[in-house]
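Read the structure below first, then the notes.
The values are calculated or read from the model by the stated rules, or taken from the named source; none is laboratory data. Source: prediction; values computed, not measured. For neighbour counting, all protein chains shown are included, and Cβ atoms are generated from backbone atoms with ideal geometry for every residue, glycine included. Just the protein is used for accessible areas: all its heavy atoms, side chains included, with ligands, DNA and RNA removed. Shrake-Rupley method; radii C 1.70, N 1.55, O 1.52, S 1.80 Å.
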Amino acid sequence: MAKIVSLSEAVAENVRDGDTVAMEGFTHLIPYAAGHEVIRQGKKDLFLIRMTPDILYDQLIGVGAARGMKFSWGGNPGVGSLHRFRDAVENQWPRPLEIEEHSHAAMANAYEAGAANLPFAMLRGYIGADLPKVNPNIKNVTCPFTGEVLAAVPAIRPDVTIIHALRADRKGNVLLEGIVGVQKEAVLAARRSIITVEEIVEELNPPSPNSVVLPTWAVTSVVLVPGGAFPSYAQGYYARSNAFYIAWDEIARDRGSFQAWIKENVMEARPEDFAKYAKKHAA
């Protein structure tokens, strides 16, 4: 059964040095507050997983928290490169970074396989692509029934998955709606999970056809962090801050300006600081 705890408790109990960590959220509901707590607690040697690593993973890589990353597409959406990610790959600063690149389809299937406790995922993919030449974790298997050759990738089974959601009830059941990405599969595939939420309510009452409810038995820790997805958005709560994504390009280009931003906005900040963004940028 999920426990409702503080963010510092959730990260201290569930994220361990050397862990494989997935932080998911496809444009919507990116768990920035939780990621910042991971940085504040000095977690290190993490192997990061994310379908579309953007600013949050740029921050984790830039502070030296990551030893490697499995991903499909990495960039600052609508703006350009992730400069801290690029610096780590090209110049090994602040440390070398192992990378394993896949397609979106492969990542999604690998999460689903992990959630089903299967060893690998199969898909019709990578046809004519060069990724299999540089990624030894992309294999081929032959269907025993039809003889069709299919791509195969290892299942994703994180030590811990971290997501942001809209609401949880007091029993620890969690509601997502809107663009839900692979959050459900990522949580079900993980050994442990942390879910930050905008609200804790008496009843979830899912209002829309695409609502996803993660049951309390599938969740380790629930944390109340209003605004915890900022500068991404939370449907019905606040809009995406496009201005911040644009500003990040200049902040992250220079190592010094990046470190100064981290010091002021992460190391000297608190999870409660995110609530002001939710109010200021309410949709």
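Cβ-Cβ under 6 Å, sequence separation 6+ or interchain: first residue in region 90-116 and without any contact (Cβ under 8 Å) to a residue 12 or more places away in the chain, partner open to solvent by 30 Å² or more (accessible area, probe 1.4 Å) and outside any helix (DSSP H, G or I). Which pairs?
The qualifying pairs do not exist here.
Of the conditions (1) polar (S, T, N, Q); (2) under 30 Å from Val201 (Cβ atoms); (3) not assigned by the TED database to the domain that holds Asp254, Asn109 clears all except one; give me its number.
(2)
Which of the residues belonging to region 2-25 are touching a residue at least 60 places away in the same chain (Cβ under 8 Å) and either among the hydrophobic types (A, V, I, L, M, F, W, C) or at positive phi (or both)?
Ala2, Ile4, Val5, Leu7, Ala10, Val11, Val15, Val21, Ala22, Met23, Gly25
Would you check if Glu203 is assigned by the TED database to the domain that holds Glu13 and open to solvent by less than 20 Å² (accessible area, probe 1.4 Å)? Before you say what the answer is, go through the steps one by one.
Working: assigned by the TED database to the domain that holds Glu13: yes; open to solvent by less than 20 Å² (accessible area, probe 1.4 Å): no.
Taking the combined requirement at face value, the residue does not satisfy it.
What's the number of the condition Lys70 fails, among (1) within 24 Å of Val223 (Cβ to Cβ); (2) touching a residue at least 40 places away in the same chain (Cβ under 8 Å)?
Going through the list (1) within 24 Å of Val223 (Cβ to Cβ); (2) touching a residue at least 40 places away in the same chain (Cβ under 8 Å), Lys70 breaks only (1).
Of all residues in region 1-24, count the ones that are part of a loop (DSSP other than H, G, I, E, B) and closer than 19 Å to Asn173 by Cβ. Steps first, answer last, please.
Our first condition is that a residue be part of a loop (DSSP other than H, G, I, E, B); within region 1-24, this holds for 1-2, 5-6, 15-19, 24.
Now narrow it down to the ones that are closer than 19 Å to Asn173 by Cβ: 1-2, 5, 24.
The number of residues fulfilling the criteria is 4.
Out of the residues in region 191-200 meeting the condition of being open to solvent by 20 Å² or more (accessible area, probe 1.4 Å) and within 19 Å of the chain's Cα centre (by Cα), tell me which one is farthest from Ala155 (Cα to Cα). Break it down stepwise before answering.
Here is the first cut: in region 191-200, the ones open to solvent by 20 Å² or more (accessible area, probe 1.4 Å) are 191-192, 199-200.
Filter again for within 19 Å of the chain's Cα centre (by Cα), leaving 191-192.
Numbers: Arg191: 13, Arg192: 16 Å.
Per the stated criteria, the residue is Arg192.
Right, Glu268: in the same structural domain as Asp58 (by the TED database) and under 20 Å from the mean Cα position of the chain (by Cα) or not?
Numbers: in the same structural domain as Asp58 (by the TED database): yes; under 20 Å from the mean Cα position of the chain (by Cα): no.
So Glu268 does not fit the description; no.
Quick check on region 26-59: of everything there that is on the phi < 0 side of the Ramachandran plot and surrounded by fewer than 21 Cβ atoms within 10 Å (Cβ to Cβ), which residue is modelled with the lowest pLDDT?
Phe26
Which residue out of Ala190, Ala155, Ala165 is without any contact (Cβ under 8 Å) to a residue 60 or more places away in the chain and of a type outside the set (Phe, Trp, Tyr)? Explain how you work it out, then say what you get.
Details: Ala190 fails: without any contact (Cβ under 8 Å) to a residue 60 or more places away in the chain; Ala165 fails: without any contact (Cβ under 8 Å) to a residue 60 or more places away in the chain.
Only one candidate qualifies: Ala155.
Taking only pairs six or more apart or across chains, which ones have beta-carbon atoms under 6 Å, a first residue in region 195-224 that is in contact (Cβ under 8 Å) with a residue 24 or more places away in the chain, and a second residue that is surrounded by fewer than 14 Cβ atoms within 10 Å (Cβ to Cβ) and of a type in the set (Ser, Thr, Tyr)?
From region 195-224, no pairs qualify.
Residue by residue through region 245-269, note down the ones that are of a type in the set (Phe, Trp, Tyr) and either outside any helix (DSSP H, G or I) or touching a residue at least 24 places away in the same chain (Cβ under 8 Å) (or both).
Correct list: Tyr245, Trp248, Phe258.
Collect the residues in region 73-89 that are in contact (Cβ under 8 Å) with a residue 40 or more places away in the chain and either touching a Pro at 6+ places or on another chain (Cβ under 8 Å) or among the charged types (D, E, K, R) (or both), keeping them in residue-number order.
Leu82, Arg84, Asp87
Tell me, yes or no, whether region 121-142 has at least one residue that is more than 30 Å from Leu214 (Cα to Cα), assigned by the TED database to the domain that holds Gly181 and at pLDDT 95 or above.
no
Quick one: which helices (runs of 4 or more DSSP H) sit completely within region 71-177 and have at least 3 residues that are buried (at least 20 other Cβ atoms within 10 Å of the Cβ)? Full working, then the answer.
Numbers: elements: 83-91, 104-115, 131-134.
By residue number, 83-91, 104-115.
Which residue pairs have Cβ atoms closer than 8 Å, lie 6 or more positions apart in sequence or on different chains, and pair a first residue in region 132-149 that is closer than 29 Å to Met69 by Cα with a second residue that is acidic (Asp, Glu) and surrounded by 12 or more Cβ atoms within 10 Å (Cβ to Cβ)?
Going by the 8 Å Cβ cut-off, the qualifying pairs are Val134/Glu101; Asn135/Glu100; Asn135/Glu101; Asn137/Glu100.
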